[in-house]
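Structure first, commentary second.
The values are calculated or read from the model by the stated rules, or taken from the named source; none is laboratory data. Just so you know, these numbers come straight off a predicted model, no measurement behind them. Virtual Cβ from ideal backbone geometry, glycine too; neighbours counted across all protein chains shown. Each accessible area value is taken on the protein alone, full model and side chains, heavy atoms only, with ligands, DNA and RNA left out. Shrake-Rupley method; radii C 1.70, N 1.55, O 1.52, S 1.80 Å.
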Amino acid sequence: MKTKETLNSLNPYVPGKPVADVLKEYGLTSAVKLASNENPYGYSKQVKETIVNGLDHLEIYPDGGAVQLKAALAKFYNLAPEQFLVGSGLDEVIQIVSRALLNTGDSIIIASPSFPQYAHHAVIEGATVKKVPVIADSGLMDLEGMLAAIDDTTKIIWLCNPNNPTGTYIKQNKIEEFLARVPEDVLVISDEAYYDYVTAEEQPTSLPFLEKYPNLMIMRTFSKAYGLAGIRVGYAIIPKDLGRFLDIARLPFNCHSLAQKAAITALKDQDFVAFSQKENKIEREKWEAFLEDLGLHYYHTETNFIFFDTKQDDKTITQELLSKGFIIRGGLKPGWLRVTIGKKNDNLRIQDELKQILG
Ligand SMILES: *Cc1c(COP(=O)(O)O)cnc(C)c1O
């Protein structure tokens, strides 16, 4: 059979190994997954109640328009419900946007390294991907380089802010300067999946610029600080004139009814988000101090993961840590590892192990 030719250059996504597989494979009694930036503190107890109480009427299709969730989001952001697109995780929202906008001959601009799904979906749609390396010293996106890469084929510029896997963020005044220099017909997407973990005084959000720049889209998810990665719900704040086209590209019942209910409750329980942010910050600072002590180059992170240079083969170290029960991410940049900030004891244990391997 003949598949789309564009698929030949791609591979299926390989997720971090499930804990159960690692236990079995290496004969371990405990293992911890620090590979997918999941929330080690779980999720809101109120959400659990909502899910348990929401089990009735699964025979009915979900609300494809996500009316109640969009109303809750509109209230939360003080925006209009039509300004939201809801999906089965942000991954799906990225797919919908790529599907609706990109054709063969178009191109997108992304930072490198950045979140891989932007390029993945662009290639499936036949578009070309222009990668602009982050600034090596600081890990910051090279905004000048991204502007210089714009040409007549450019449809989307993806800003991951803070950026996965570098953990770094673009300051608000830089975002605005950037938006002012992008042509009006190029969509700028600010993926703010880690926004809730940011504690820097200057918030890296493009929210204040929505009104002034109709070519701006912002993405957020319930998978990270809200701890709901398993139920799959994320959303975009979209330019109003794109709504109709995104709805055409979207599956009719794309977001699970329980996911919609869970998200509405999660949005109300901001205490849980604040708790996750606070605990994460404490542990994140310890990680930076640990890497400082070891003399390893890391990027200052505002997220729930940290990216650092081991100066050794990242694949060997990833494998060695796996055999000790620590599932982390290598293979993103030669020598570098991305580790999710875990709970206190898990962080101490993996740091001990790293010290032995690298020391
Ligand atoms: C985790 C992540 C996503 C996807 O989140 P889901 O809502 O779970 O699909 C999107 N963008 C970035 C940068 C991420 O790290």
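Scanning segment 104-124 for residues that are surrounded by fewer than 23 Cβ atoms within 10 Å (Cβ to Cβ) and β-branched (Val, Ile, Thr), we see that the one that is farthest from the ligand (Cβ to nearest atom) is THR104.
Against the definition (within 16 Å of the ligand (Cβ to nearest atom), out of contact with any Gly (no Cβ under 6 Å at 6 or more places or on another chain), under 21 Å from VAL182 (Cβ atoms) and of a type in the set (A, V, I, L, M)), how does ILE150 come out, yes or no? Judged against the criteria, ILE150 is not a match. Counting only residues that are small (Gly, Ala, Ser) and within 11 Å of LEU34 (Cβ to Cβ), segment 286-340 holds 1 of them. Within segment 188-220, being open to solvent by less than 10 Å² (accessible area, probe 1.4 Å), more than 14 Å from the ligand (Cβ to nearest atom) and touching a Pro at 6+ places or on another chain (Cβ under 8 Å) holds for one residue alone: LEU216.
Taken over segment 125-145, the criterion of being open to solvent by 40 Å² or more (accessible area, probe 1.4 Å) and outside any loop (DSSP other than H, G, I, E, B) is satisfied by THR128, LYS130, LYS131, PRO133, GLU144.
Considering the conditions (1) without any contact (Cβ under 8 Å) to a residue 40 or more places away in the chain; (2) farther than 17 Å from LYS33 by Cβ; (3) open to solvent by 10 Å² or more (accessible area, probe 1.4 Å), ASN345 is excluded by exactly one of them, (2). Of the residues making up segment 221-253, just one is surrounded by fewer than 20 Cβ atoms within 10 Å (Cβ to Cβ), farther than 20 Å from GLU192 by Cα and within 16 Å of the ligand (Cβ to nearest atom), namely LEU251. Just one of the numbered conditions (1) assigned to a loop (DSSP other than H, G, I, E, B); (2) away from the ligand (no atom under 15 Å from the Cβ); (3) over 30 Å from ALA127 (Cα atoms); (4) touching a residue at least 40 places away in the same chain (Cβ under 8 Å) is not true of THR29: (4). Collect the residues in segment 307-321 that are assigned to a helix (DSSP H, G or I) and open to solvent by less than 20 Å² (accessible area, probe 1.4 Å), keeping them in residue-number order. Across segment 307-321, the qualifying residues are ASP314, ILE317, LEU321.
Here is a yes/no grid of residues against (1) of a type in the set (Val, Ile, Thr); (2) farther than 24 Å from ILE341 by Cα; (3) under 23 Å from the mean Cα position of the chain (by Cα):
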{"position": "LEU23", "(1), (2), (3)": "no, no, no"}
{"position": "SER36", "(1), (2), (3)": "no, no, yes"}
{"position": "SER44", "(1), (2), (3)": "no, no, yes"}
{"position": "THR50", "(1), (2), (3)": "yes, yes, no"}
{"position": "HIS57", "(1), (2), (3)": "no, yes, no"}
{"position": "VAL67", "(1), (2), (3)": "yes, yes, no"}
{"position": "PHE76", "(1), (2), (3)": "no, yes, yes"}
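Within segment 165-195, being without any contact (Cβ under 8 Å) to a residue 40 or more places away in the chain, under 19 Å from ASP152 (Cβ atoms), touching a strand residue (DSSP E or B) at 6+ places or on another chain (Cβ under 6 Å) and not in a loop (DSSP other than H, G, I, E, B) holds for one residue alone: VAL188. When segment 53-103 is filtered for residues that are within 16 Å of the ligand (Cβ to nearest atom), in a helix (DSSP H, G or I) and open to solvent by less than 20 Å² (accessible area, probe 1.4 Å), the ones remaining, listed by number, are LEU69, LEU73, LEU90, VAL93, ILE94, ILE96, VAL97, SER98. Residues in segment 208-239 that are under 26 Å from ASN280 (Cα atoms), assigned to a loop (DSSP other than H, G, I, E, B) and not aliphatic (A, V, I, L, M): PHE222, SER223, LYS224, TYR226, GLY227, GLY230, ARG232.
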